[in-house]
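Before any comments, here is the structure.
Where a number appears in this text, it was derived from the coordinates with a stated rule and is not lab data. This is a predicted model, so every value here is computed, not measured. Virtual Cβ from ideal backbone geometry, glycine too; neighbours counted across all protein chains shown.
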Amino acid sequence: MTTTTTAAQHSASATPPWDLLGGPPRSPVRAAIAERLFRHAVRTLPVRVALADGEVLGAGGPESPLMRVEDPAAFFHRLGADAKVGFGESYMAGEWTSPEPAELLTPFAARIATLVPAPLQRARRWVDARQPSAERGTLVGARENIHRHYDLSNDVFATFLDETMTYSAALFPPSGDDLAAAQARKIDRILDLAAVGEGTELLEIGTGWGSLAGRAARRGARVTTLTLSAEQQRLAQELLAEEGLADRVEVRLADYREVTGQFDAVVSVEMIEAVGREYWSEYVTALDRLVAPGGRIGLQAITMPHDRMLATSSSYTWIHKYIFPGGQLPSIEALETAFDTHTGLRRTERHSFGPSYATTLRHWRQRFLSRWDEVRDLGFSERFRRMWDFYLAYSEAGFRSGYLDVWQLGYRKPAQG
């Protein structure tokens, strides 16, 4: 694979955010409050938190996940400044470490709704940072949000994805641990939900690197697939051409709102998370508009609990700042309500497979860390390594704990008459 973007090229116009991280903002009062809340939060968690002075917090035993706070003062200052961002930034800065961060973060994720006392949670609307208006999912904002993550470097993604270059939850069988096979299994099930076969005119919203489009084309479909990432478009076209599928797949650099016409089937895998809550109705309306009468839709979406979605929908988090600007996870209730309220589509099936996502993320993180030398040789810093390590571990913990889930949903548009 040809290197398309190095760290230097990616940051040609501005220093990337992970390398802008400075020392923690200093506020002794806020740091003291943060320390008190942190001690309260971990006192019953099955973890061990070892402070630099030898004190150990948490309810865990010798075999429990370990968190080493190397610089407690800096750690608590970051939590005091903005806990939702500061916890991850502190890991990036090396102020706390863990031999296995995914295992450590799982108990935190499992009790995330109760870590902060209820009275303070109600004050969230006044103290939480808000998402920047520039990251809203407008036509302009969506392109910039996608660019910041997916145009990072095709070669970085290639270090941890399997040979299909599929960047979404794989579907593992009860026994078996082959990532590429599990990705193919996932793709086949969503194509089945959309009844994609010989002669199907298929629209895919969110190309990735073309794995689903290629598999649909091999079923005999003609595919139009949309991406906002120039890097993804370039490599997807290259890979599809190598497979002899270029004449059956058009990879279009376009927003779903810019597409006209109707298709026999529409599929979209883990794209709605990038849309933003205020645009969910527009997104599902577009699906209804773009699928022909009698046609089918296959959708895959990451979800979170409905009450947590409502409580955190305006919050600005570490994930927003460093990984997915403008993103918002729906709940399954919000997603289905959007379809019921704004479309005439009828749900045919739904399946959840959150534990498979935890396994997928474990594979990705192991691959990324084992091939870090290749990423470093592209010019990416040690702080980038810690950022990506935290992102993958944090995400795995969400699915391991059950706080996050992933669903495949099938919909059908009634035939006219």
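General observations
- Extreme residue, positive dipole direction of the chain, given options Phe399, Ile190, Leu57 (C-beta unit charges): Leu57
- For a label point 7 Å along the Cα-to-beta-carbon line of Gln262, residues of segment 185-226 with backbone N under 19 Å: 194-197, 199-205, 222-224
- Angle of helix 230-242 to the longest C-alpha principal axis of the chain, folded into 0 to 90 degrees and rounded to 10: 50°.
- The simple Förster model, with R0 at 35 Å and r as the Cβ-Cβ distance, assigns Arg222 and Arg136 a FRET efficiency of 0.55.
- Top positive-direction residue, dipole computed over the chain with Cβ charges, set Ile297, Leu171, His363: Ile297
- Only Cα pairs under 8 Å and 6+ residues apart enter the sum, and on that basis the relative contact order of segment 133-412 stands at 22 percent.
- Exposed-loop-free span, longest in the chain, where trypsin sites (Lys or Arg not before Pro) count as exposed if DSSP calls them loop and at most 12 other C-beta atoms lie within 10 Å: 123-417
- Proximal lysines relative to Lys84, as straight alpha-carbon distance under 30 Å, when same-chain residues fewer than 8 apart are discounted: Lys321
- Placing unit charges on the Cβ atoms only, positive for Lys and Arg and negative for Asp and Glu, gives segment 133-412 a dipole magnitude near 420 debye about its Cα centre.
- Least to most buried among Ser153, Ser331 (fewest other Cβ within 10 Å first): Ser331, Ser153
- Note on His40, His147, His77: ascending count of other Cβ atoms within 10 Å places them as His40, His147, His77, the fewest first.
- Scattering curve values for segment 17-127, log₁₀ I(q)/I(0), Debye with Cα scatterers, q = 0.23 Å⁻¹: -1.48
- Set of segment 285-312 residues, backbone N closer than 18 Å to the point 7 Å along the Cα-Cβ line of His351: 296-303
- You can think of it this way: the chain between His40 and Glu336 has 102.9 nm of extra reach, that is 0.36 nm per residue less the Cα-Cα gap.
- Each label was represented as a point 7 Å from its Cα along the Cα-to-Cβ direction; for Asp177 and Ala113 these points are 3.3 nm apart.
- Folded to 0 to 90 degrees: helix 28-42 orientation relative to the chain principal axis, Cα: 70 degrees
- Rounded tilt (10° steps) of 72-92 against the dominant C-alpha axis of the chain: 10 degrees
- Gyration tensor (alpha-carbon) shape descriptor, segment 133-412, a/c threshold 1.5: rounded
- Using a simple spin-label model with pseudo-atoms 7 Å out from Cα toward Cβ, Ala52 and Ala32 lie 2.0 nm apart.
- In segment 147-202, GluC sites (Glu not before Pro) in a DSSP loop with at most 14 other beta-carbon atoms within 10 Å: Glu163, Glu198
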